[in-house]
Amino acid sequence: MRSGRVVALFTASVVVLAACGGDVFVTAERSDQARVVTPPVTTTADPDPDQPPDTTVADQIDDPSTTTEQPDPTLPPEPTADVDPTAIDFGPNKPPRDYDTLLLAVMTDLNTWWTEQYPLIYGEPFEPLQGEVYAAYPDRPDDLPGCGTPRTTYDEVQEFVAFYCGEGDFMVYDDGDNSLLAELADTYGPSTIGTVLAHEFGHAIQLRTGALTRSLPTILTEQQADCFAGAWTGRATRGEATTLRFTDADVRAGLIAMTRVSDPVGYDQFDPGGHGSAFDRVGAFQVGFNNGPALCSQVLDDPLPLVPNEFTVNDLGQVLAIDAPFGFEENQLLNFIPNDLNDYWDEELASKIRALDGLALVAVQSESEVSCSDLRGDLGRGAALCPSTDEVFFNEPEAFELYAAFGDFSVGYVIAWAWSEAVQLALGTDLQGEPRELLNDCLTGAWVKTVVPVNGVLPQPRSNDREVVVSAGDLDEAIQTVILLADLSSDDNILGSAFEKIDAFRQGVIGGLDACLPDL
């Protein structure tokens, strides 16, 4: 942003998915550019012994519980088919893992699903993989097939984490103890690996449709593979999969996986090998989840909207990509974010109903310091609105934890939520509970849309007093924050699930205020 006020966030780990050109058609998850930070997603809770496990597969080996959260109170129907024990080539002496059977169930159902869906979408029979799906690990004695080379070494697998190779029509994933996939499974649950495998299988579909032989930007084929992965996850969540079922916790884990496996901050997604920010990858995943694979088949020719991921450069040509200072002084985060929100909503509402009275941000150290008879929101989430005094009480310790864990725009998000609640009051909306929360998410996204530069230019018209500009990675941090603050289950219906809140926020960012309030 100008004057150094760039809201730049998300220093958490990302992995870039790289695609090699030529006739080899290898599409892969890379780990060589990864930066590893584990976000504080939830607090560990002991599972209820009377509840079924989060993820169930036929003939399951151990309980591959997918998260440290309480299992959902309701689950989709039980699996109806046996797992194919040959769906993955584990090699002669693979160390067993608790989630081996889960991954077999994933591959079994992916084959079943695409055998059904491919003819419906593309008008011809589905041809199964000619090669295998290989588990790679350091002590595997037999050679893995090469992708343009005689063989694939384990070092190469570690570099890519997981990949599909069109030459040989096979997939490989890293099953080593210290792999990124093992870390994801340990932290968020093994369903995250299922999401990765569903994505790579999507590239196998692209070989069959001829997409990999077209001169397409990598970002388009990756968006489609993310969409296919989301469509399959939706199937597993709705109870339609034959060998396993996913819960809300598994869907949440899949969203987290998308935030952890994305382009590095500042990478132009249209450069060769670009795969999209976490914001864009989650969006493609959600499109598939909500609409199914038929719509995913269209995204190569009718691309999904993408948000710029490049760094912002100031008038001196300096890259502005550091977190704004946490403080209330001029050029500090807690000064210019409220000012920009006041300016934006004053512009938007003055011509429609009445100007939104400017809100003041008031920092408190605990709830006992808050004096308000009509407080709206949960101060434990970082901020709450007091309509009678036009104040937003700001939980400074809680907000600083978000700032330290994610970056500055996590704080910007929770502050903007309180302004969105004030907007709903000004408009006189009668929404309550979850619908009201989701509209606040959308309204927050509408504000964000106005601070995202496109080709280096901010949306116009705008007040000259507005100076906030988001930089590369900011939207990814917002997604991380939404996941942290959301309901754990879609059955809670209080704040909205992570899936619902991200969808509402993205609607605002992509479509602006009209997407949130079409009749305003």
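Throughout, read-outs are computed from the coordinates displayed, never taken from laboratory work. On a predicted model such as this, the values are computed, not experimentally measured, just so you know. Positions of Cβ are generated from backbone atoms using ideal geometry, with glycine treated the same way; all protein chains shown enter the neighbour counts.
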Quick check: net charge around Leu513, other residues with Cβ under 9 Å of its Cβ, Lys/Arg +1 and Asp/Glu -1? -1
Please list the equivalent ellipsoid semi-axes of the range 322-442, computed as the square roots of five times the alpha-carbon gyration tensor eigenvalues, in descending order and whole angstrom. 22, 17, 14
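What is the sum of charges, Lys and Arg at +1 and Asp and Glu at -1, for the other residues whose Cβ falls under 13 Å from the Cβ of Gln460? If you can, show how the numbers build up before the last one.
Numbers: positive: Lys449, Arg462, Arg466; negative: Glu347.
Spelling it out: positives minus negatives among the neighbours equals +2.
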Using only Cα atoms, what Kirkwood radius does the range 88-227 have, in angstroms? 15.7
Can you compute 3J(HN,Hα) from phi for each residue in the range 157-170, using the Karplus curve 6.51 cos²θ - 1.76 cosθ + 1.60 with θ = phi - 60°, rounded to whole Hz and x for Gly and Pro? 5, 4, 5, 8, 6, 7, 8, 10, 10, x, 7, x, 6, 9
Order by protection proxy (mean Cβ within 10 Å, highest first), peptides 334-347, 112-125: 334-347, 112-125
